[in-house]
1. Only one residue in 751, 734 is open to solvent by less than 60 Å² (accessible area, probe 1.4 Å), out of contact with any helix residue (DSSP H, G or I) (no Cβ under 7 Å at 6 or more places or on another chain), assigned to a strand (DSSP E or B) and among the acidic types (Asp, Glu). Which one?
2. Across region 561-585, what is the number of residues that are closer than 12 Å to residue 621 by Cα and aliphatic (A, V, I, L, M)?
3. What number of residues within region 764-776 satisfy the criterion of being assigned to a loop (DSSP other than H, G, I, E, B) and either surrounded by 14 or more Cβ atoms within 10 Å (Cβ to Cβ) or among the charged types (D, E, K, R) (or both)?
4. Give the number of residues within region 83-110 that are at negative phi, open to solvent by 90 Å² or more (accessible area, probe 1.4 Å), without any contact (Cβ under 8 Å) to a residue 12 or more places away in the chain and in a loop (DSSP other than H, G, I, E, B).
5. Just need a number here: residues in region 714-731 that are in a loop (DSSP other than H, G, I, E, B) and in contact (Cβ under 8 Å) with a residue 12 or more places away in the chain.
6. For region 205-216, does any single residue satisfy the condition of being surrounded by fewer than 21 Cβ atoms within 10 Å (Cβ to Cβ) and either of a type in the set (Lys, Arg) or in a helix (DSSP H, G or I) (or both)?
Amino acid sequence: MSQSLRSATYSPLPIFFMIIAFISLGLLFPWAPNAAQGQWQLVLSADLQQDKAIQVAVADLKETGQEFGITFTIASDESAALQGDTILVGGTSRNQLVKQLTSTNKLKLQTVENPQGYEIVTQNIDGHTVMAVSGGSVLGDVYGLYWLWDRIRVYKELPEINTLRIPRLETRINLAWGRGSWGGGSEEQMNNALRYSINWVAGPPVLDLVPWDSEPEHTTNVKNREDAKKFIEYAHALHLKYYSFANEFTYHPSLLKQFNATLSPCDERFWDALQEKFRMLFTAMPELDGIELCNDDISGFWDNYRPFDVMHDGEGCEWPLDKRYRTFVKKIHEVVVGEFDKTYLHFTWSLVQYEQHYQADVFRKIFTDDVPVKNLYLIPKVTAADRWWHQPYNPTFNQTKHNTMVGFETMNYYEGGSSNIFPTFAGQYYQAGLQTFLSPENNNVKGAGFLVGWGKGQWSTPGAYSYVLYRLSWDPDEDIRQIAEDYCSIHFGHKAAKAMADILLLSPVAYKYGLHIEPVSYGTFNSFIHMRVGTFPAEGYPSIDGGREHMEFLRKIYLRCKPWIAETLDDLDHGLATAKEMNVQFKMADALIEDRALAEKTKNELAMTQLLLETNNRYVRTSFAYFQYRERPNAETRQALLENYDGLLDVKKRFTSAPGFGYRLFGIDQLLKNAKQALDDLEKAETILANAPSRDEIEETLVQQQIRYADALEKNRERAKKFMQVDVMVDGRDILIIQGDKLKIEHLRWDHAHVRQSEFLEPLPPKAVTVIPACIDTRPVHPFVLEQPSAENDYTVKVYLYDKPAGHGLMRFDLYYIPDSPESLGVALPWEE
């Protein structure tokens, strides 16, 4: 740690008196809790004192300094004198005292040309410790003050600082997704962006700002724009840029009507409508600095808005992907940059492996020389696919002349909101990726985009992610271990920092090898197919097919691993052993942690991490043993399956009873059922699976069921009672569970369903009735009743929702009940027997 400034101030004293003074002042160990750190005067010009970003930074310094016994008082540069410890803010053009001291050669400063850069020097001037924070602009001054703030959080004191810092990546953006405001939805969000030197933040999405020619959207968006303008004013006061996001193409039907346009890239009126959307946006919101768009995974629509996949759809239009994509970007650029001189950020993400996100040749084919470069930033992710481990770096950087930014996400697709596991530190992976992209002499990497919700420096995966990217965006070559130690020191204290950094740096090893099944991870877009966001999903329709499709899914994994089963299990064991080592190391670090509540929380997280990896390990082993028994049924393979089955039951029991457990184990539970059937009677178990309906057979039955639903409602129009209206966005599989006037959702797969509107017209009666869904706007696999109300289930109905094909799907439907049995109405399903 750097020498403390207080110790430097007292250096003229004789050694004996120095020691006495240090002891009496509590300064021999300046990192000790609550040690008095002294007073500093912050010398600022009147203009800087009025700058909002400076005010926010100073407030943070005061708040954090107070925690460690450091006080800051404000003094004017025109009247202040060097008194005690002094921090001079601003270069010679923004601070009169700095100008005076440099003109007499008492203070030596470099000229910082970069407006975001800053120099911090510490000198002894006339017996006073003087620290100068001199930025290339006011924003550089702000970033310099935040480096002081960071150093105080790390060292629990203000150490001596002598540094020149220029950001390697000058554009740092909070990437956006969906409907939320990412970084720009409140003053506190923007303050936090400033703390981490983010300089672009996202406000409301485009759909919620455009002045549509329709109601209630027009009136609603008037209010949205009024609110957004206030936030934009605040963002600009903090020297931040403010943008709006959209998944494209999303629209209100009135837009197409206005241009008499069809949903086809081959229709020139379609492009007129697209351009008008953004022309209306910037005409109504000239305060916006730019937009960010993404043409894939179109989940960002709601209410009366609609999506259109301009890259793939359009009846009768045979345009190839590259022509569609290139035309889209050029049409947007003509309006956003050409007409309004704003910035256009384009997220090149794609859900498929053979398109622009993953394939360099496709990327080059799209972004040819006739695609303009002015004010256009392309944003590929750091990963070739999504945020899983065992991922190659994205190959599309440095392929064209267009400026790019590196898009980052947390590498923790195993973690949900209630997972309660130890944070994932992806710093090593991020750093090597950045260094890879920046290696060519004429590289096109100009910035970084961070797709994550921001908290105020919490101990968590997003917190670690935010901190490491803050540091790496300024210096991609910084010692990653030092960054990890600094982050741990902030949260666990100086004494525990090294020990906790050792554990944090092990986290990607534990998760990468302890959860991923390596032979199925490489060479696939989804390298983590058996788990997602706190869920072990069960494939297919397990309530209907008896686990047939899930066992077929697990068998594919087994066959992929079969040539390397020992090696696959060795990798899983390596990850589990790493998690165990993390727990062992924490026992030694525990006593060094000052925050005992955080220590207890971390202890529980590490225990949960080990149980998660142990459960996954036994899940894979049991599935392998299950298929080996089915292939070669003998006493040896049966005993191996029995041992693994018992082991999986045991770890599941310990896992589910651990404090803070918040996982869904559908796939594991289904394997246990099928393994138990095999152990009890293998021949019978094989017969059950062989006779179970396939996915195609089930879905054909469901098609016919929709016809029967409509027929039953038509024949019983007078007796059918509509009791509920539902409007829900589905991404995967979910079950609506309805009892009386209560609705809850059991989430099965992919992202959780979002109920946009649900209204009980009357409660579902507590008696045996037949519930029938009437579809208004749904997906090809329409909602169907999985379980009808009966005395056995306490008169509860379960409605199955599946958004096939992929991507978010809107489902609008009504629910009726008829006071007859499903059999008498002709709507009983085979599996209901």
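The values are calculated or read from the model by the stated rules, or taken from the named source; none is laboratory data. If you're wondering where the values come from, they're calculated on a predicted model, not measured in any experiment. No Cβ is skipped: glycine too gets one built from the backbone with ideal geometry, and neighbour counts run over all protein chains shown. Please note that ligands, DNA and RNA were not included when accessible areas were found on the heavy atoms of the full protein model with its side chains. Shrake-Rupley method; radii C 1.70, N 1.55, O 1.52, S 1.80 Å.
1. 734
2. The qualifying residues number 4.
3. Residues meeting the conditions: 5.
4. Within region 83-110, residues that are at negative phi, open to solvent by 90 Å² or more (accessible area, probe 1.4 Å), without any contact (Cβ under 8 Å) to a residue 12 or more places away in the chain and in a loop (DSSP other than H, G, I, E, B) number 1.
5. 4
6. no
Table: residues versus (1) assigned to a helix (DSSP H, G or I); (2) closer than 25 Å to residue 320 by Cβ; (3) without any contact (Cβ under 8 Å) to a residue 40 or more places away in the chain; (4) open to solvent by 10 Å² or more (accessible area, probe 1.4 Å).
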position	(1), (2), (3), (4)
243	no, no, no, no
257	yes, no, yes, yes
265	no, yes, no, no
272	yes, yes, yes, yes
276	yes, no, yes, yes
280	yes, no, no, yes
286	no, no, no, yes
303	no, no, no, yes
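One line per residue, one yes/no per condition, for (1) surrounded by 13 or more Cβ atoms within 10 Å (Cβ to Cβ); (2) touching a residue at least 12 places away in the same chain (Cβ under 8 Å); (3) in contact with a helix residue (DSSP H, G or I) (Cβ under 7 Å, 6 or more places away or on another chain); (4) in a helix (DSSP H, G or I):
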position	(1), (2), (3), (4)
658	yes, yes, yes, no
661	yes, yes, yes, no
675	yes, yes, yes, yes
711	yes, yes, no, yes
757	no, yes, no, no
